[in-house]
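First the structure, in the form of structure tokens, and then the observations on it.
The values are calculated or read from the model by the stated rules, or taken from the named source; none is laboratory data. Just so we're clear, the structure is a prediction, and the values are computed from it rather than from any experiment. Note that each Cβ is placed from the backbone with ideal geometry, even for glycine, and that neighbours are counted across all protein chains shown.
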Amino acid sequence: MKKHLILIMLLCLGIQAATTAQTKKRISILGDSYSTFEGYIPAENEPWYFQKVDTGRSDVVNVRLTWWWQLIKEGGYLLEKNESYSGATICYTGYNDDDYSPRSFITRLPRVGSPDILLIFGCTNDSWAGAKVGNYQYSDFKRGDLYTYRPALAKLLDDALSRYPNVDIYFIINSELRPDIVESTLTICKHYSIPCIQLQNIEKRYGHPTAKGMKAIAEQVGKAIR
């Protein structure tokens, strides 16, 4: 009789554990260098944060110091996919007018898995690379249109809503970006009813978040999505 009771209790505990795991929301990140860490993004994607300690370059020397790791840990989430690529732009225009379409957010969008929450953290490199904003456009996208920021962002968000129904999508806007990029992002996100999280007071080194900056990002994003 005792053996039967023990088996029943173990079965109940197993069901409870499985149910708890199923209730945890899965987060995917579609990002640029701010969201990279060597070994935690696809092998073909370029990282900016590395496992090898280089405190002169950055004090983010452990994956547990990244904003997304802290967000997932503190919020009780699960990581579905971190599809981040250093230097990535939303539009197809990169630095020195190079064609960045292979690493663009539009190209990588289908690779984020099956999340419950999708965090798109972009537009920093579009701002830094001097990408032209172009015109507001919400349909009939041609490839040539996607070399400017506004049509490219609209295409990205339109595709995201089509590919990921019932997924909560948020767009994270970095601090200290060009005003026209920020204004364009807010306008286009509003058109698609996608919430924007505007970061403030993020400490940086070489233009990238320090450990303190990462913590601030995690806190600000966590507050917004909870």
Number of positions in the range 50-62 that are among the aliphatic types (A, V, I, L, M) and surrounded by 15 or more Cβ atoms within 10 Å (Cβ to Cβ)
2
Examine the range 1-21 for a residue that is more than 15 Å from Ala218 (Cα to Cα), outside any helix (DSSP H, G or I), at pLDDT below 95 and not polar (S, T, N, Q), and state whether such a residue exists.
yes
What is the number of the single condition among (1) of a type outside the set (S, T, N, Q); (2) within 23 Å of Cys123 (Cα to Cα); (3) within 20 Å of the chain's Cα centre (by Cα); (4) part of a loop (DSSP other than H, G, I, E, B) that Gly39 does not meet?
(2)
Every residue in the range 101-152 that is over 30 Å from Leu78 (Cα atoms) and hydroxyl-bearing (Ser, Thr, Tyr), please.
Ser127, Tyr136, Tyr138, Ser139, Tyr147, Thr148, Tyr149
Which of the residues belonging to the range 50-78 are in a loop (DSSP other than H, G, I, E, B), free of Cβ contacts under 8 Å to residues at least 40 places away in the same chain and of a type outside the set (A, V, I, L, M)?
Phe50, Gln51, Lys52, Asp54, Thr55, Gly56, Asn62
In the range 92-129, the residues that are crowded, with 22+ Cβ neighbours inside 10 Å, assigned to a loop (DSSP other than H, G, I, E, B) and either out of contact with any Gly (no Cβ under 8 Å at 6 or more places or on another chain) or at pLDDT below 95 (or both)
Tyr92, Ser104, Val112, Pro115, Cys123
Within the range 81-91, how many residues turn out to be touching a strand residue (DSSP E or B) at 6+ places or on another chain (Cβ under 9 Å) and either part of a loop (DSSP other than H, G, I, E, B) or free of Cβ contacts under 8 Å to residues at least 12 places away in the same chain (or both)?
4
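Per-residue answers, yes or no, for (1) within 18 Å of the chain's Cα centre (by Cα); (2) under 17 Å from Ser35 (Cα atoms); (3) without any contact (Cβ under 8 Å) to a residue 40 or more places away in the chain:
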site	(1), (2), (3)
Pro165	yes, no, yes
Ser175	yes, yes, yes
Ile181	yes, no, no
Ser184	no, no, no
Thr187	no, no, no
Gln198	yes, yes, yes
Thr210	yes, yes, no
Gly222	yes, yes, no
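Can you tell which of Lys52, Lys25, Lys81 is of a type in the set (Lys, Arg) and closer than 19 Å to Lys223 by Cβ? Break it down stepwise before answering.
On the way: Lys52 fails: closer than 19 Å to Lys223 by Cβ; Lys81 fails: closer than 19 Å to Lys223 by Cβ.
Going through Lys52, Lys25, Lys81 in turn, the sole match is Lys25.
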